[in-house]
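Values quoted throughout were computed directly from the atomic coordinates according to the rules given, and no laboratory measurement underlies them. Everything quoted here is computed from the prediction, not taken from an experiment. Counting neighbours? That spans all protein chains shown, and the Cβs are built from the backbone with ideal geometry, glycine included.
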Amino acid sequence: MVAEVIINRSAKKLNRTFDYNIPKEMQDFVIIGSKVLVPFGKSKELEEGYVIGIKENSNYEIKDIAKIEDNLTDFQIKLAKWMARHYFCNVSDCIKLMLTPGTGRKENKVQDKTINVVYLKKEIEEIEFEIETKKIKSEKQIRILKFVKDNEGCTIPELETFTDTSRAIINTLIKNEYLELVEKIIERNPLENKKIELTKNLKLTEEQQQAYDKVEEKINNNEFKEFLLYGVTGSGKTEIYLQLIKKVLEVGKTAIVLVPEISLTPQMLDRFISRFGKEEIAVLHSKLSIGERHDEWKKIKEGKIKIVIGARSAIFAPLENLGLVIIDEEHDSSYKSETTPKYNAKEIAEVIGKVNKCPVVLGSATPDLNTYYRATMEPNQDDNNTGKKETIELLKLTKRANESSLPEVEVVDLKQELANGNRSMLSVDLYSAIEENLKNKLQTILFLNRRGYSTFIMCRECGYTVKCPNCNISLTYHRFGNILKCHYCGHEEKVVTTCPECGSSKIRYFGTGTQKLEQEINKLFPNASTIRMDVDTVTKKNSHEEILNKFKNENIDILIGTQMVVKGHHFPNVTLVGVITADSSLNIDDYRANERTFQILTQVAGRAGRENKKGKVIIQSYTPENFSIECSKKQDYEMFYKTEIALRKQLKYPPFCDILLISFNSTNEKEIQNLSANMFNYLKQELNEEEFKIFKPMPCPVDKIQNRFRWRIIVKGNVDEKTNAILNKALRIVYNQNLKNTRVSIDVNPNSMM
């Protein structure tokens, strides 16, 4: 028998199969999905590969497979092939997402974590006889032996503590073969120290019950269906998730719950652990150590886990008998991968749901426009080919679950504040509201979607701005450490005090970040306790959880943060939310700028007044008349959706077409210009001009990162299997040219157009 093997390399030329003979002794064990080691090329080391097909013979002279390492399922291999076609990458890139973390050839292999435990080596009757006959005289030795008799499997430190003896005495008993040390494997469990009281199901409101019943019907019928659970902030979406999972467990199935980012995981986890205990829950996210991820994945594969909670990549968790997939905050951009493979977890969930015949629930207070379009269009509607996707069933929650009212929202015009002589970061109204909250011992969240102290540094004499030497982007000033940082490549340098262009000392700091806001708040409210949450403060493991717990449990007055503080958190004592400037997300080169602004503002507003205390939100803006800010003031998603979808249809943007971003980056600017021009001409020739609009190659808005030039081609049209084949062929042509300096990637409906 012959195996068709994909080699685990990122080179595009190797995105094909190579034939290998399956030795007779392996023929019962090598299956489609086997991870194998094979001789390849001139390398003396064996290469890692994956069996994606088996046949009876080969037309070539072939080598033997050397070793089998692991097995994937037939479905995982099919999914990897589908992903490679749809996301324009190697099959091996997709397979890596499905392997146990810490088992790859190129990474440090994860070893099992072990401890030494103590057992009796001699029979207890023989030991008792030696004690009676005074062969063992030492009281401490006798104490140790009696303790081990009753507590076999204890550790040496436990033995020392509970018997009040020393290591030397224990070693003597080991040496004389009364005791023995046995190596025991222990699991690295990220939930080990969680101590949470169990809770019971809450009574569902009428709206919650209706939503629950619709999904439960599909669970009972083993039927795939996508649902959009659209509910205002605080409407009790999580309680529906919990009760649906309880139902899934009762019928002997398992569930995957995706959350958008690390900052959401702790509170979500606490809710799940308090309902189901921690024995059947696994958590998967990037802040875990590789060892913890390895052990969690292993437990899932061994069938010990019933519920997986995690970020995007948890969708690939090898759960058996899947009965439900939940994607919370489904509008969040982190569900789309920015690195190869550039997959969308929501699309993967749809494929997995169909194969497992189980429902997929997408939840949000501000649904992704594409999702809401699919949930409101007619079943057979084919609006510019968007009808190719199945419709989603819409489930609405219009009221907050605990009968609390939505917060009052006020928009402040910062232009008017400046005209009145207020140059502070806080408007008069926001300052007064914070002061009032502090008097009433209530909590405040201040949101500013820029970390650092100042956005950029500029010379007032000649206009010189300090830029990253590797990227064509301004450096951000961080007051802590007194350094300038590039948020693209991580470059750092000391702050300049004189202009390198004209020698002037008139260096000024422009723009504001969370560090500067924190400093100003401490100056304006010296008696208030503050805490900051952004990328710079959550670098350590579990730091995000510590900050959130500290804010909640120690009743800290003011939480200052970026979008990490926006979604999903429930703080009963928060009654005021201030948005320092709502314009930063509007002024980006992206057709989704209005949508992102509306989502962020509505989500952050949802943190206020979640219990029976009246909430207030103050949004500061230089463009208060913008319709996304107007709609967030009214917290009216329907009004926003109708306005934005009409604009999208008129300009032909998703969901009325797909956008392809073909990106080129190279150290050689001439090579990148020639290659992008050739690609443009090829696409003009192969794609139907009536169906596709192909824009000429242009430098990206940020045209250099890490000393690599960046160009792009944008294509608008409806991507299908035929288009995929044309684009995959174009990539093969490019990579057959042996270009050493240039890389090409294709992203369908990317998160960022930058």
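Table for the structure above
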item	result
Sites ASP150 and LEU198 - FRET efficiency at Förster radius 22 Å, r taken between beta-carbons, to 0.05	0.10
Among ASN8, PHE227, CYS631 the positive-end extreme of the charge dipole of the chain (Cβ point charges)	ASN8
Option label - P(r) over Cα pairs in 20 Å bins from 0, in percent computed here, alternatives (1) 13, 29, 29, 17, 8, 4, 0; (2) 14, 41, 33, 10, 1, 0; (3) 16, 40, 28, 15, 2, 0	(2)
Förster radius 22 Å - calculated FRET efficiency between ILE483 and THR623, Cβ distance, rounded to 0.05	0.10
Within the chain: Cβ-based charge dipole about Cα centre, in debye rounded to nearest 20 (Lys, Arg +1; Asp, Glu -1)	1580 debye
Cross-link reach list, aspartates and glutamates versus LYS113, counting only Cα pairs under 16 Å and skipping chain neighbours closer than eight places	GLU183, GLU187, GLU192, GLU292, ASP295, GLU296
Sum of -39500 (n - 2.57) over DSSP H runs of 4+, divided by residues of the chain (222 nm, nearest 500)	-9500 deg cm²/dmol
Gain in span if fully extended, GLN209 to LYS42, counting 0.36 nm per residue against the direct Cα distance	53.7 nm
Cysteines without a disulfide-compatible partner [the chain; Cβ-Cβ under 4.7 Å]	CYS89, CYS94, CYS154, CYS358, CYS489, CYS631, CYS657, CYS700
Most positive-pole-ward Cα, GLY717, GLN685, ILE672, against dipole of the range 658-748 from beta carbon charges	ILE672
Total formal charge among the other residues, if their Cβ is under 12 angstrom from that of GLU671, Lys/Arg +1 and Asp/Glu -1	+3
Subset of LYS670/LYS696; LYS346/LYS649; LYS246/LYS298; LYS342/LYS633 violating a 27 Å alpha-carbon distance limit	LYS342/LYS633
Most to least packed among 577-585, 33-41 [average Cβ atoms within 10 Å]	577-585, 33-41
Charge tally in the Cβ shell below 13 Å around ILE68, where Lys, Arg are +1 and Asp, Glu are -1, ILE68 excluded	-4
Considering only the range 2-96, percent of DSSP beta bridges that pair antiparallel, nearest 5	95 percent
